[in-house]
Amino acid sequence: MNRSSTFFQQIYPGECGGIKWNEVEYFGINSYFYLDEQCFFAKMTEFTGTYNATIDDKGRIVLPSAFKKEMGELALESLVIERNLFKDCLDIYPERFWKDRVAAFKSTLDPFDEEDDEFLQFFYENFIKVGMAANGRINIPSDYFSYGKLKKNVRLIGMGLSIRMWDVDVYESQRMDKATFARRFKEKRKSRTTE
């Protein structure tokens, strides 16, 4: 059980620390599950797939039912909208997962260092909490709307623990094509094996 516990903690660093593991046996095969609620949702929730949606005149969008279903009871909590630091798009997190992201970032900073304080301010300026209606509708603040260059038609992409929101036209102009993906992935794998 200790070996399996270590394995899962390596996969989910920072999310499964200090958890309680239980062992069960199915048909002679040992399986492990954990009791930590936050870790349970992190393991059970995985946003996948690509969907199209439309933003209404009031800056509201209804998340696809597949994403809402995947959230389960996390849908009752706040969502966090973040300005993506690398692309002209937005990332949406259930608040519970966002807290892990914040904790991981803050753990790298010294609160008494001036530059680290500026890093933290910049980080916090890039996200906002919003509520979600029962039908999956969320309001996008106008400055976030502008940052993502969102117009009318958007593409929503499941990214595991988050949902990425693109304007359709911007997405098509910035997305990585298959050939580039294959080349870069091969280069990354090669560089890691030589380290």
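Please sort 163-172, 132-141 by packing, taking for each peptide the average over its residues of neighbouring beta carbons within 10 angstrom, highest first.
Numbers: 163-172: 19.2, 132-141: 15.1.
Those peptides, ordered most packed to least, come out 163-172, 132-141.
Which order do Lys106, Lys188 take by accessible area at a 1.4 Å probe, largest first? Provide the component values of the computation, followed by the final result.
Numbers: Lys106 95, Lys188 120 Å².
Heavy-atom accessible area, descending, gives Lys188, Lys106.
Classify region 79-195 from the C-alpha gyration tensor, please: rounded if a/c falls under 1.5, else prolate or oblate depending on whether a/b exceeds b/c.
Because a/c hits 1.5 or more and a/b fails to exceed b/c, region 79-195 counts as oblate.
Give the shape of region 123-163 as rounded, prolate or oblate, defined through the alpha-carbon gyration tensor: a ≥ b ≥ c are the square roots of its eigenvalues, a/c under 1.5 means rounded, and otherwise the shape is prolate if a/b is larger than b/c and oblate if not. Please report the intermediate quantities before stating the final value.
Working: a/c = 1.20, a/b = 1.12, b/c = 1.07.
Verdict is rounded for region 123-163.
Rank these by accessible area, largest first, 1.4 Å probe: Lys152, Lys186.
Numbers: Lys152 90, Lys186 150 Å².
Per-residue accessible area, sorted high to low, gives Lys186, Lys152.
Using θ = phi - 60° and the Karplus curve 6.51 cos²θ - 1.76 cosθ + 1.60, what whole-Hz ³J(HN,Hα) does each residue of region 65-72 get, with Gly and Pro shown as x?
Karplus values, whole Hz, x for Gly and Pro: 4, 5, 5, 5, 5, 5, 5, x.
Dipole size in debye (nearest 20) for region 64-115 around its Cα centre, Lys and Arg Cβ +1, Asp and Glu Cβ -1?
The dipole magnitude comes to about 360 debye.
Show me, for region 180-190, the HN-Hα J-couplings you get by feeding each phi into the Karplus relation (A = 6.51, B = -1.76, C = 1.60, θ = phi - 60°), rounded to Hz, glycine and proline as x.
Calculated HN-Hα couplings, in order: 5, 4, 4, 5, 5, 5, 5, 5, 5, 4, 5 Hz.
Of the listed pairs Lys99/Lys129; Lys58/Lys151; Lys87/Lys149; Lys68/Lys151; Lys99/Lys188; Lys87/Lys151, which have alpha-carbon separations greater than 18 Å here?
Working: Lys99/Lys129 12 Å; Lys58/Lys151 12 Å; Lys87/Lys149 11 Å; Lys68/Lys151 23 Å; Lys99/Lys188 29 Å; Lys87/Lys151 16 Å.
With Cα atoms farther than 18 Å apart: Lys68/Lys151; Lys99/Lys188.
Run the dipole for region 56-162 about the Cα centre, Lys and Arg Cβ at +1, Asp and Glu Cβ at -1, nothing else charged, and hand back the magnitude in debye, nearest 20.
Values: 16 positive and 19 negative charges, 212 e Å.
Once rounded to the nearest 20, the dipole reads 1020 debye.
Under 5 Å between amide H atoms, partner at least 5 residues away or on a different chain: which partners does Ser162 have, H built in plane at 1.01 Å?
Phe47
So what J values fall out for region 124-135 if you push phi through Karplus, 6.51 cos²θ - 1.76 cosθ + 1.60 with θ = phi - 60°, rounded to Hz, Gly and Pro as x?
5, 6, 9, 8, 8, 8, 9, x, 10, 6, 4, 8
The values are calculated or read from the model by the stated rules, or taken from the named source; none is laboratory data. Please read these numbers as outputs of a predicted model, since none were measured by experiment. In this analysis, Cβ positions are derived from the backbone assuming ideal geometry, glycine residues included, and neighbour counts consider all displayed protein chains. For accessibility, only protein heavy atoms count, side chains too; no ligands or nucleic acids. Shrake-Rupley method; radii C 1.70, N 1.55, O 1.52, S 1.80 Å.
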